[in-house]
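Undergrad: What follows is a single structure, and I will ask about it in a moment.
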Amino acid sequence: MNMINGFVRYGVMSLSLMFLVGCGSPATQDNKSADTASGKIQVVAAEDFWGEVAQAVGGQDVTVTSILNNPTVDPHEYEPTPDASKAVSDAKLVIYTGIGYDEWMSKLIQASASANQKTVIRVGTDVLHKQIGDNPHVWYIPSALPSLANDIADQLSKMDPAHAKEYHQRATAYIQKLQPLNRMISHLKQTSSVNIDVSEPVFDYMATALHMNVCDSGLAKAVEDGNDPSPSELADVQNDIKTKKIKFFVENIQNETPTVANIVKLARSNNIPVVQVTETKPTGKDYLTWMMDQLQQVQKALNNNAQ
Amino acid sequence: MFQYDFMQHAFLAGTAVAIMCGIIGVYVIARGLAFITHTFSHVGFAGAAFAVFMSWNPLAGMLLFTTTAAVSIGGLGAKVFRKDIPISVVLSIVLGLGLLFLSLTKGQSNAMMALLFGSIVGIDASQVYEMFGLAVGILVVLILGYRMLTFDSFDPVGAESAGLPTRFISIAFLLLLSISVAEALQIVGALLVFTLMTTPAAAAFSLTKSVSRMLLFSAVFAVIGVWSGLTLSFYTNAPVSFYIAAVEAVLYFACRGWQVWREKMLPSVKPEHVSVSTEM
Amino acid sequence: MESALSVEHVSVSLGGEWILHDISFEVRRGEMVSIIGPNGAGKSTLMKVLLGVLQPSRGRITVHLPPAAKNRSRSIGYVPQSRQMDVDTSLRAWDFVSFGLPHTLRPWLNRKERSRVREALELTRCEELANQAISRLSGGQRQRLYLAQALVRNPDLLLLDEPTSNLDPGGQEMVVELVNQIRQERGTTVLLVTHDMHIAAKYSDRILYLTRGRYAIGRVEDIVRPDVLTTLYGAPMTGIHEETHTTAVPSRTSSMPYLEV
């Protein structure tokens, strides 16, 4: 395009403005150009827990870039950078949550002319058959990662039939590796429904798996939307705590609001245990240790009640 | 940089947005409406929340709310010197409504809002055409209405006395503004629209006193900001919006500084030497 | 002489109050009529009615155009009483004056329009100010620019609403002198609202004295007379005739409140 050549010249000119605005943060991703040359399959995951699965299944045959790999970034407020776009543009396989959680990813895919040559796995709809409007925190569904592992193995096998066997073997191995989590869940699963309150609907799928009933979905939705909870919802939560209707309170420590802080304080003073969870994977933990740590808190909370 | 389609799309759509916003921005500043673009993005959010609640297309709700807000602000404020008052009134009602619809809507409405606020590095080819179409449409209207709009924006009292339909102009301009904000929001995001509609025009005002040159400078500044912002962002991976906002701010302060310096250097306008005989 | 404007039994009621009541007068082409009277007498309302911005409750206004003029808005030039001018969004004098041109959908000025702007600037002795920002001009210079904007459409009737209210006495005199010269050169009919009896008396052919409910129109000598003034003000007044001008003063200073004349 002729227009583009003009743009390049101006782009180079405007680079001099860098001295005025200071240097930006250096690129954080690995050097991908070398990988492209090596013939590995480029995989991009919107969130790092999906990236972990892709890496486990793909092994040395793939290069995985996770775009949201920092727990301090709120996925709801993420603004894609050119590096994210570059990664998506170069990718053969793109994995994201979908169902409205990370819509920016669909835009990044569309922005690339090779959009229809990419394999896209929207975990929410393609793997777990959820719809837009459903709770998007689907990585809290115990079967989510095992199902995704198999799906990724299938897709990678189509792209790279030579390594199909390895992909499926690695998927099985990864599912095997997650076994302690399943054992923990069946260990903690309640025989009769147990009430809990949550600060945000992050933990809900796990709560369902544990046969626990979330009583305050209204308040949780308001906190997640950044809205003020209605006074009656707040009063209900306070009553749940004071009358010990709930076994424990689940707090998303990635989104602290004064309302939640007050509820946590009230819960502590009423000897209601508080289970601290995060929406996204904390730095330095893999999916298994992250989930296990949270479930151990649940176990402690249940024991606390038993005493 | 241009081997990536998304960068080509970003440059093309970004240029269209920059020219459109730069030109509208001159009138936004002249009419004292700098905050209204910001207001419209909030109003758009409330409209989208309403649309999600009604199970409509979010864009329809966004356009419905922003144009309604435009008409009511225009109707309330055509004669009001302090335009921030009707703007605040409308903004507060609408923000309240937005929160109401958000809480009434089942499911993850917040996540669906993400659909509405675009990102400049996530633009597909059809959106490039859409953006160009919008920019051309807006510019044609502005060219045809140039004389009336300019008179009314820079000399409202004079325009009214000259028999111009000032209320109509005011509402028409706000409508134009609301549509361009709502559409551009979806493609390039809120911060970019707000930045490009105010800062380049403000810089142009300190540089020249000629309306045609203001329009030209404002559009050029906006385009420089978008191009350099995209380029810097591409090589450093900091958000594009940050760079564009930063480049525009640097341009603004540079122009402002130049204006202050020039005014110090220049002698004030010559004292009266016009000879008018007072003898009959 | 040919009539330029006729006002027949015009009444204006705003908020249940009669601002103007049954006013009739006629203005001849090329004549300068000063409209004087205390604050709140309805002077600005009369201006708006003449401009067509405000419809009279009763009565009729006819602007008699010379055959060449095509429509009414083109042939009336108006200089409003006050102007909102923001220092930060100030623009150059040339652009400001060009606003006064008749409106078309064409954004640029053609050669004819440019020469009209230049002419209006010359006429008001503003040619050197064309590229200056309005915010840097003095009160008198600005007032001349406002006049230039009104003159650029080459009006047959010029309405000036207190063009001198923000100026010092010398500046006031200069602006009205300029208007008078333009009137003589171009044969423009001028209606001038002013508080300055001295200026009114010196330059106008006739004076329209307006006060709530009452008015009088006539030559300066006929209006500035003790009996007429007393009737209009509702208090004893007298006119002082000096060599060059006439002033109205209360006849017993001690018993009279201050009146703006």
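The values are calculated or read from the model by the stated rules, or taken from the named source; none is laboratory data. Everything numeric in this text was worked out from a predicted model, so none of it was measured. With ideal geometry, Cβ positions are generated from the backbone for all residues, glycine too; neighbour counts draw on all protein chains shown. Ligands, DNA and RNA are excluded from the accessible area calculation, which covers all protein heavy atoms including side chains. Shrake-Rupley method; radii C 1.70, N 1.55, O 1.52, S 1.80 Å.
Undergrad: In the range A:147-155, is there at least one residue being polar (S, T, N, Q) and open to solvent by less than 10 Å² (accessible area, probe 1.4 Å)? So that I can check it myself, show each step before the final result.
TA: Narrowing the range A:147-155 to residues polar (S, T, N, Q): A:147, A:150, A:155.
Within this subset, residues satisfying the condition of being open to solvent by less than 10 Å² (accessible area, probe 1.4 Å) are none.
Scanning the range A:147-155, I find no residue that is polar (S, T, N, Q) and open to solvent by less than 10 Å² (accessible area, probe 1.4 Å), so the answer is no.
Undergrad: Sticking with this one: Do you know which residues across the range B:166-181 are over 16 Å from B:C21 (Cβ atoms) and either free of Cβ contacts under 8 Å to residues at least 12 places away in the same chain or surrounded by 24 or more Cβ atoms within 10 Å (Cβ to Cβ) (or both)? Let's see the steps before the verdict.
TA: Of the residues in the range B:166-181, the ones over 16 Å from B:C21 (Cβ atoms) are B:166-172, B:175.
Listed by number, the residues that qualify are B:F168, B:S170.
Undergrad: Another one. Can you name every residue in the range C:205-225 that is in contact with an Asp or Glu (Cβ under 8 Å, 6 or more places away or on another chain) and in a loop (DSSP other than H, G, I, E, B)?
TA: C:D205, C:R219
Undergrad: Quick test of your reading of the structure: A:S114 fulfils all but one of (1) touching a strand residue (DSSP E or B) at 6+ places or on another chain (Cβ under 6 Å); (2) within 9 Å of chain B (Cβ to nearest Cβ); (3) among the polar types (S, T, N, Q). Name the failing condition by number.
TA: Unmet condition: (1).
Undergrad: Oh, and also: Go over the candidates A:D102, A:D74 one by one and state the one that is in contact (Cβ under 8 Å) with a residue 24 or more places away in the chain, among the charged types (D, E, K, R) and within 10 Å of chain B (Cβ to nearest Cβ). Walk me through how you get there before you give the answer.
TA: On the way: A:D74 fails: within 10 Å of chain B (Cβ to nearest Cβ).
Only one candidate qualifies: A:D102.
Undergrad: Collect the residues in the range B:133-159 that are within 16 Å of the chain's Cα centre (by Cα) and of a type in the set (A, V, I, L, M, F, W, C), keeping them in residue-number order.
TA: B:L134, B:A135, B:V136, B:I138, B:L139, B:V141, B:L142, B:L149
Undergrad: Being outside any loop (DSSP other than H, G, I, E, B), out of contact with any strand residue (DSSP E or B) (no Cβ under 7 Å at 6 or more places or on another chain) and open to solvent by less than 40 Å² (accessible area, probe 1.4 Å) is the filter here, so list the residues in the range C:182-204 that pass it. Step through it out loud before you land on a result.
TA: In the first step, residues of the range C:182-204 are kept if they are outside any loop (DSSP other than H, G, I, E, B); the result is C:182-186, C:189-193, C:197-203.
Okay, now just the ones that are also out of contact with any strand residue (DSSP E or B) (no Cβ under 7 Å at 6 or more places or on another chain), so C:182, C:184-186, C:199, C:202.
Those that are outside any loop (DSSP other than H, G, I, E, B), out of contact with any strand residue (DSSP E or B) (no Cβ under 7 Å at 6 or more places or on another chain) and open to solvent by less than 40 Å² (accessible area, probe 1.4 Å): C:I182, C:I199.
Undergrad: Additional query: Would it be correct to say that C:A148 is small (G, A, S), over 22 Å from B:I143 (Cα atoms) and surrounded by 20 or more Cβ atoms within 10 Å (Cβ to Cβ)? Walk me through how you get there before you give the answer.
TA: Numbers: small (G, A, S): yes; over 22 Å from B:I143 (Cα atoms): yes; surrounded by 20 or more Cβ atoms within 10 Å (Cβ to Cβ): yes.
Here the answer is yes, as C:A148 does meet what is asked.
Undergrad: Looking at (1) open to solvent by 50 Å² or more (accessible area, probe 1.4 Å); (2) of a type in the set (S, T, N, Q); (3) within 30 Å of A:Q179 (Cα to Cα), find the lone condition where A:T278 falls short.
TA: Result: A:T278 fails condition (1) only.
Undergrad: On the basis of being within 14 Å of chain A (Cβ to nearest Cβ) and in a helix (DSSP H, G or I), does B:M131 make the cut? Steps first, answer last, please.
TA: On the way: within 14 Å of chain A (Cβ to nearest Cβ): yes; in a helix (DSSP H, G or I): yes.
Yes.
Undergrad: Which of the residues spanning the range A:119-161 are part of a loop (DSSP other than H, G, I, E, B) and either of a type in the set (K, R) or out of contact with any Gly (no Cβ under 7 Å at 6 or more places or on another chain) (or both)?
TA: Passing the criteria: A:L128, A:H129, A:K130, A:Q131, A:N135, A:H137, A:I141, A:P142, A:S143, A:D160.
Undergrad: Ok, one more. Would you kindly identify the helices (runs of 4 or more DSSP H) lying entirely within the range B:1-100 that contain at least 1 residues that are open to solvent by 10 Å² or more (accessible area, probe 1.4 Å), without any contact (Cβ under 8 Å) to a residue 24 or more places away in the chain and within 12 Å of another protein chain (Cβ to nearest Cβ)? Quick ask: steps written out before the conclusion?
TA: Working: elements: B:5-30, B:36-53, B:58-77.
Qualifying helices (runs of 4 or more DSSP H): B:5-30.
Undergrad: Which residues, taken from the range A:77-99, are over 20 Å from B:Q186 (Cβ atoms) and within 11 Å of chain B (Cβ to nearest Cβ)?
TA: To start, the set of residues in the range A:77-99 that are over 20 Å from B:Q186 (Cβ atoms) comprises A:83, A:86-87, A:89-95, A:97.
Once the filter is applied, which keeps residues that are over 20 Å from B:Q186 (Cβ atoms) and within 11 Å of chain B (Cβ to nearest Cβ), the range A:77-99 yields A:D83, A:K86, A:A87, A:S89, A:D90, A:T97.
Undergrad: Which one is most open to solvent (accessible area, probe 1.4 Å) among residues in the range C:133-145 that are farther than 28 Å from B:L139 by Cβ and within 10 Å of chain B (Cβ to nearest Cβ)? Before the answer, list the steps.
TA: Start the filter on the range C:133-145 by keeping residues that are farther than 28 Å from B:L139 by Cβ, which leaves C:135-145.
Now restrict to residues that are within 10 Å of chain B (Cβ to nearest Cβ): C:135-138, C:140-141, C:144.
Details: C:S135: 43, C:R136: 69, C:L137: 13, C:S138: 48, C:G140: 16, C:Q141: 11, C:R144: 4 Å².
Only one residue fits best here, namely C:R136.
Undergrad: Could you name every one of the helices (runs of 4 or more DSSP H) located completely within the range C:51-132 that has at least 3 residues being surrounded by 14 or more Cβ atoms within 10 Å (Cβ to Cβ) and at pLDDT below 85? Walk me through how you get there before you give the answer.
TA: On the way: elements: C:72-75, C:93-98, C:111-123.
Answer list for the range C:51-132: C:72-75.
Undergrad: Here is a follow-up. Scan the range A:144-154 and tell me whether some residue there is under 15 Å from A:I41 (Cβ atoms) and touching a His at 6+ places or on another chain (Cβ under 7 Å).
TA: yes
Undergrad: If a residue must be without any contact (Cβ under 8 Å) to a residue 12 or more places away in the chain and either in a loop (DSSP other than H, G, I, E, B) or among the β-branched types (V, I, T) (or both), how many such residues does the range A:236-269 contain? So that I can check it myself, show each step before the final result.
TA: Pass one, the range A:236-269, residues without any contact (Cβ under 8 Å) to a residue 12 or more places away in the chain: A:239, A:243, A:256, A:258, A:261-262, A:265, A:268-269.
Adding the requirement that they be either in a loop (DSSP other than H, G, I, E, B) or among the β-branched types (V, I, T) (or both) leaves A:243, A:256.
The total comes to 2.
Undergrad: Just the residues that are out of contact with any strand residue (DSSP E or B) (no Cβ under 7 Å at 6 or more places or on another chain), in a loop (DSSP other than H, G, I, E, B) and open to solvent by 10 Å² or more (accessible area, probe 1.4 Å), please, taken from the range A:58-89.
TA: Step one: of the range A:58-89, the residues out of contact with any strand residue (DSSP E or B) (no Cβ under 7 Å at 6 or more places or on another chain) are A:59-60, A:69-74, A:76-77, A:79-83, A:85-86, A:89.
Within this subset, residues satisfying the condition of being in a loop (DSSP other than H, G, I, E, B) are A:69-74, A:79-81.
Those that are out of contact with any strand residue (DSSP E or B) (no Cβ under 7 Å at 6 or more places or on another chain), in a loop (DSSP other than H, G, I, E, B) and open to solvent by 10 Å² or more (accessible area, probe 1.4 Å): A:N69, A:N70, A:P71, A:T72, A:V73, A:D74, A:E79, A:T81.
Undergrad: Name the residues in the range A:90-107 that are of a type outside the set (A, V, I, L, M), over 22 Å from A:A153 (Cα atoms) and part of a loop (DSSP other than H, G, I, E, B), would you?
TA: Once the filter is applied, which keeps residues that are of a type outside the set (A, V, I, L, M), over 22 Å from A:A153 (Cα atoms) and part of a loop (DSSP other than H, G, I, E, B), the range A:90-107 yields A:G100, A:Y101, A:D102.
Undergrad: Moving to a separate point now. Within 14 Å of chain B (Cβ to nearest Cβ) and in a loop (DSSP other than H, G, I, E, B): does that describe A:V223? Before the answer, list the steps.
TA: Numbers: within 14 Å of chain B (Cβ to nearest Cβ): yes; in a loop (DSSP other than H, G, I, E, B): no.
No, not satisfied.
Undergrad: Still on this structure: Would you confirm, using the coordinates I've provided, whether B:A203 is open to solvent by less than 10 Å² (accessible area, probe 1.4 Å) and under 12 Å from the mean Cα position of the chain (by Cα)?
TA: Numbers: open to solvent by less than 10 Å² (accessible area, probe 1.4 Å): yes; under 12 Å from the mean Cα position of the chain (by Cα): no.
Judged against the criteria, B:A203 is not a match.
Undergrad: Out of the residues in the range A:156-184 meeting the condition of being buried (at least 17 other Cβ atoms within 10 Å of the Cβ), under 25 Å from the mean Cα position of the chain (by Cα) and touching a residue at least 40 places away in the same chain (Cβ under 8 Å), tell me which one is nearest to A:Q296 (Cα to Cα).
TA: A:M184
Undergrad: Just the residues that are free of Cβ contacts under 8 Å to residues at least 12 places away in the same chain, open to solvent by less than 30 Å² (accessible area, probe 1.4 Å) and either assigned to a loop (DSSP other than H, G, I, E, B) or out of contact with any Leu (no Cβ under 9 Å at 6 or more places or on another chain) (or both), please, taken from the range B:134-157.
TA: Residue satisfying the conditions is B:D155 alone.
Undergrad: Also, quick follow-up: Given the conditions (1) within 21 Å of A:H137 (Cβ to Cβ); (2) open to solvent by 60 Å² or more (accessible area, probe 1.4 Å), which single one is not true for A:M206?
TA: Condition (2) is where A:M206 drops out.
Undergrad: Quick check on the range B:219-233. Is at least one of its residues open to solvent by 20 Å² or more (accessible area, probe 1.4 Å), at the interface with chain A (Cβ under 9 Å from one of its Cβ atoms) and not in a helix (DSSP H, G or I)?
TA: Checked the range B:219-233: no residue is open to solvent by 20 Å² or more (accessible area, probe 1.4 Å), at the interface with chain A (Cβ under 9 Å from one of its Cβ atoms) and not in a helix (DSSP H, G or I).
Undergrad: What number of residues within the range B:234-247 satisfy the criterion of being buried (at least 24 other Cβ atoms within 10 Å of the Cβ) and more than 9 Å from chain A (Cβ to nearest Cβ)?
TA: Result for the range B:234-247: 1.
Undergrad: Also: Taking the conditions exactly as written (open to solvent by less than 10 Å² (accessible area, probe 1.4 Å) and either outside any helix (DSSP H, G or I) or farther than 26 Å from A:T72 by Cα (or both)), does A:I272 satisfy them or not?
TA: Numbers: open to solvent by less than 10 Å² (accessible area, probe 1.4 Å): yes; either outside any helix (DSSP H, G or I) or farther than 26 Å from A:T72 by Cα (or both): yes.
Against the criterion (open to solvent by less than 10 Å² (accessible area, probe 1.4 Å) and either outside any helix (DSSP H, G or I) or farther than 26 Å from A:T72 by Cα (or both)), A:I272 qualifies.
Undergrad: While we're looking at this one, here's another question. Please identify the pairs in which a residue from the range C:174-198 that is closer than 18 Å to C:R125 by Cβ has its Cβ atom under 7 Å from the Cβ atom of a residue that is of a type in the set (F, W, Y) and assigned to a helix (DSSP H, G or I), counting only partners at least 6 apart or on another chain.
TA: Matching pairs, first to second residue: C:V176/C:Y203; C:N180/C:Y203.
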